[in-house]
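Worksheet: one structure, shown below.
The values are calculated or read from the model by the stated rules, or taken from the named source; none is laboratory data. Keep in mind the model is a prediction, meaning the values are calculated, not measured. Heads up, the Cβs are rebuilt from the backbone with ideal geometry, glycines too, and the neighbour counts pull from every protein chain shown. The accessibility values were calculated without ligands, DNA or RNA, using every heavy atom of the protein model including side chains. Shrake-Rupley method; radii C 1.70, N 1.55, O 1.52, S 1.80 Å.
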Amino acid sequence: MTTRTELLEIIANGENSGVEFKRDDLSTKDFAEELVAFSNFQGGMVLLGVEDDGTITGLMRCDLEEWVMNVCRDKIRPAIIPFFEMVRDVKDDQDVAIVRVTRGYDVHALWHNNTNRYQIRVGTQTREATREELARLFQQRGSVRAELRPVSGATPANLDRRRLRNYFGDIRHQDVPDDNDEEAWRSLLINTEVMTEEGVTVGGMLLFGATPNRFLPHAGIDAVAYPGLEQDYDAQERSALRGAMTPLLSQDGDFVENGLVEQALDFVQRNTRAVVETQGGRRVEHPVYPPDALREGIVNALIHRDYLLTSTDVELAVYADRLEIVSPGRLPNGITPDRMRFGTRSARNQLLKDVMRDYRYLEHMGMGIPRKIVRGMKEHNGTEPDLVEQDERFTVTLLAHSPE
């Protein structure tokens, strides 16, 4: 329960992303909008009986609790059950009601005039979500997979038939349709989520597109190598890595054509100097970063990034003392950096994950981060990798050597 002192402190701090002041004579529509916005964000509270400027005017409705519960049931889809409490005699014998909602497992909407209206919280403001914001909101709640959205203008002719034959025939060892049997190809691609009835999916284009960046300009890796410890216009190399995510393999498993992962590994290799040691009188070279840790970081960034963020690529930056891999978007489905270190698994893009695992880029147990990155870096040079989520970016930082 909230004490009078605690409530006065909340009011003194003013409205914010999680607190809204309202008179209790507001309309059911306006009240429902606030609760929907909080539920679609990180949760929050509406203080009834408080003016916008923080002045406590108290409550007027005699049936306030019943009114609140009816609004949550009748004006919000799906309905929510808030936490309701009354704080008596907050100031000058005036009471204040606190209506608190948590972050919803579903995306909630205001039901008004037989229409769903989706509200979000932006700072101290509640407003209707844009089309792009709503798509990302449904994705965050696990209601939609961005990788299965059809790519505008893309047809099966825009897929690399060589890669498709390689994947289904050589990797999955299944029958592959004849090149001229378009109906059989269409059936295969639809049933494996490379396509939908509307066209090629985002995942299908990323994995097997002949020119994926023509349709998805944000689907590559922006790689840069700096000579020092900070970003510098005078970089030793800048490269926009483009193409399909999957490689093209020969019958014996050799690379015929690199995918994005191999391109990124090649970039790091030519922009880092090997560590030279003398063992038993022999000169031995070791890579600056363990290949498994580096590969895992790049693969995870490509697979788990938020492809609804269309303004930025995966970023790969090589410095003299470290390497940074930046994946656009927040971590999915309640995952945190700490949970990742312990092997908690959650996939934003299941199709990408499944196909890349078929190519043996991923462990079937899903323990790549704790085993390959965390343990791998400790065994390689005694360092601890940094895993940081900030704003709309998730960054993995590997250190070249232990700090002295």
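Ser327 falls short on exactly one of the conditions (1) open to solvent by 30 Å² or more (accessible area, probe 1.4 Å); (2) in a strand (DSSP E or B); (3) of a type in the set (Gly, Ala, Ser), and that condition is (1).
Asp179 meets all of the listed conditions (1) open to solvent by 40 Å² or more (accessible area, probe 1.4 Å); (2) out of contact with any Lys or Arg (no Cβ under 8 Å at 6 or more places or on another chain); (3) more than 22 Å from Arg322 (Cβ to Cβ); (4) among the charged types (D, E, K, R) but one, namely (2). For segment 330-357, a residue qualifies if it is assigned to a loop (DSSP other than H, G, I, E, B) and β-branched (Val, Ile, Thr), and the qualifying residues are Ile335, Thr336, Thr344. Among the strands (runs of 3 or more DSSP E) confined to segment 104-175, the ones with at least 2 residues that are open to solvent by less than 60 Å² (accessible area, probe 1.4 Å) are located at 109-112, 119-122.
Among residues of segment 284-324 being open to solvent by 30 Å² or more (accessible area, probe 1.4 Å) and under 20 Å from Glu363 (Cα atoms), the one that is nearest to the chain's Cα centre (by Cα) is His304.
Only residues that are open to solvent by 50 Å² or more (accessible area, probe 1.4 Å) and either within 32 Å of the chain's Cα centre (by Cα) or of a type in the set (Lys, Arg) (or both): list them for segment 30-74, please. Result: Asp30, Phe41, Gln42, Arg61, Arg73. Looking at this structure, is Gly376 surrounded by fewer than 17 Cβ atoms within 10 Å (Cβ to Cβ) and either touching an Asp or Glu at 6+ places or on another chain (Cβ under 8 Å) or outside any helix (DSSP H, G or I) (or both)? So Gly376 does not fit the description; no. Among all residues of segment 191-207, there is at least one that is of a type in the set (S, T, N, Q), in a helix (DSSP H, G or I) and over 22 Å from Pro332 (Cβ atoms). Checked against (1) open to solvent by less than 60 Å² (accessible area, probe 1.4 Å); (2) in a loop (DSSP other than H, G, I, E, B); (3) among the acidic types (Asp, Glu), Asp232 passes all but a single condition, namely (1). Here the condition is being open to solvent by less than 20 Å² (accessible area, probe 1.4 Å) and within 20 Å of Ala320 (Cα to Cα); of Ala244, Ala219, Ala223, it holds for Ala223 alone.
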